[in-house]
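Notes follow the structure.
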Amino acid sequence: MHSAMVTAGPRAHHIAELMTLFTGIAAVVYLIVIGVLVWALLRRRARTRFDDEAGRQAADRKAQRVIAAATALTVIILITLGLADFFVQRSLFTPPKDPLRVLVTGHQYWWEIEYDDPEPSQRLRTANELHIPTGRPVELVLTSRDVIHSFWLPSITGKKDLIPGHTNTEVLVAQAPGLYTGQCAEFCGLQHAKMRLVLHADAPADFEHWRQQQLQPGREPATDEERRGRSVFTSASCVLCHSVQGTDASATVGPDLTHLASRGMIAAGTLPNTPGNLAAWITAPHRLKPGVQMPATALPPDDLGALTRYLASLQ
Ligand code: CUA
């Protein structure tokens with residue numbers, strides 16, 4: 001499960017430190033205030049009466065000193081928190097050197113991911129599972145196709161909104177290889193909770209291997225069933241929304257399926273990517289994710305079996 005307190009990158013680490021500082025100081029202040037309140041209530045019961053003017057004046061002076069000290073302490077605490085916040089913000093907004101640029105577009109309810117490159121043949125598209133090399137900063141350019149979403153990988157970095165007609169940037173730096181999970185963090189509709197995200201932080205050589213593999217067109221069918229599956233795919237309504245590079249399917253409404261089988265989950269982290277789940281998802285996506293944009297597709301059982309075999313072959 002994801003946690004903002006278990007960090008795996010410098011940005012999330014700075015944010016976690018800031019959170020610890022704010023929580024720690026707030027907890028100490030709370031305990032002092034409650035302590036003073038209890039002390040004042042007890043003392044009120046045993047209040048001494050001032051019989052003379054000198055005693056009352058001495059008590060007034062003491063009260064003034066306490067109020068002045070508390071005000072000064074409050075100002076010091078607020079300035080300390082303000083400075084800590086300022087320096088953390090500044091470190092987060094420093095533009096990285098030589099970043100890998102990735103365009104992330106939010107959709108109800110999935111993430112479109114496109115690796116940018118000046119050379120068109122080096123651009124690649126995928127969905128919901130982001131791969132990045134460890135050690136190199138990654139600049140995400142975030143936007144949305146429909147409503148406001150929010151990109152959040154708590155172990156790696158803070159939240160950043162994806163806004164239609166506007167781009168935001170966010171930087172990812174992963175220190176160690178690993179698999180980190182994230183979540184859309186802005187309510188965006190019925191399936192907001194099932195708009196999940198996976199980050200694979202790969203060693204640089206592994207990332208390059210993954211990238212080369214993803215740049216390949218969709219795998220050619222190897223069996224008759226897979227061939228039949230591909231013709232079902234290209235003749236059914238799938239092609240109205242999805243693309244598989246190397247076939248006629250080139251729509252960009254839904255996730256790119258060129259290397260669907262290389263992803264661990266389907267439906268934005270909703271189901272493990274197995275042929276059975278694929279078949280259930282194609283037949284009745286609304287049963288698994290009510291409100292999803294993908295329409296149900298009724299297919300004869302043999303066609304459905306061939307189609308899922310074909311999709312499962314798209315490594
Ligand atoms: Cu997308 Cu919440």
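Tabulated data for the structure shown
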item: Per-region count, the range 175-189, residues surrounded by 14 or more Cβ atoms within 10 Å (Cβ to Cβ), over 11 Å from the mean Cα position of the chain (by Cα) and within 15 Å of the ligand (Cβ to nearest atom); result: 2
item: Top-ranked residue of the range 197-213 - restricted to ones that are under 17 Å from L172 (Cα atoms) and of a type outside the set (G, A, S), ranked as nearest to the ligand (Cβ to nearest atom); result: L197
item: Qualifying helices (runs of 4 or more DSSP H) (wholly inside the range 224-315; at least 1 residues being among the charged types (D, E, K, R) and either over 22 Å from the mean Cα position of the chain (by Cα) or crowded, with 17+ Cβ neighbours inside 10 Å (or both)); result: 224-235, 285-288, 301-312
item: Residue list for the range 7-30, restricted to those being farther than 19 Å from I156 by Cα and not in a helix (DSSP H, G or I); result: none
item: One residue from T223, T247, T252 being farther than 21 Å from L130 by Cα, at pLDDT below 90 and not small (G, A, S); result: T247
item: So A205, is it modelled with pLDDT of 90 or more, part of a loop (DSSP other than H, G, I, E, B) and among the hydrophobic types (A, V, I, L, M, F, W, C); result: no
item: Check on R211, touching a helix residue (DSSP H, G or I) at 6+ places or on another chain (Cβ under 6 Å) and of a type in the set (K, R); result: no
item: Answer residue from the range 155-174, given it is over 21 Å from R90 (Cβ atoms) and not hydroxyl-bearing (S, T, Y) and is nearest to the ligand (Cβ to nearest atom) among those; result: L162
item: Test: residue in the range 112-128 that is within 16 Å of the ligand (Cβ to nearest atom), touching a Ser or Thr at 6+ places or on another chain (Cβ under 7 Å), of a type in the set (V, I, T) and over 16 Å from G264 (Cα atoms); result: no
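The values are calculated or read from the model by the stated rules, or taken from the named source; none is laboratory data. Bear in mind the structure is a predicted one, so any value in this text is a computation, not a measurement. Don't worry about glycine lacking a Cβ; one is built from the backbone with ideal geometry, like all the others, and counts go over all protein chains shown.
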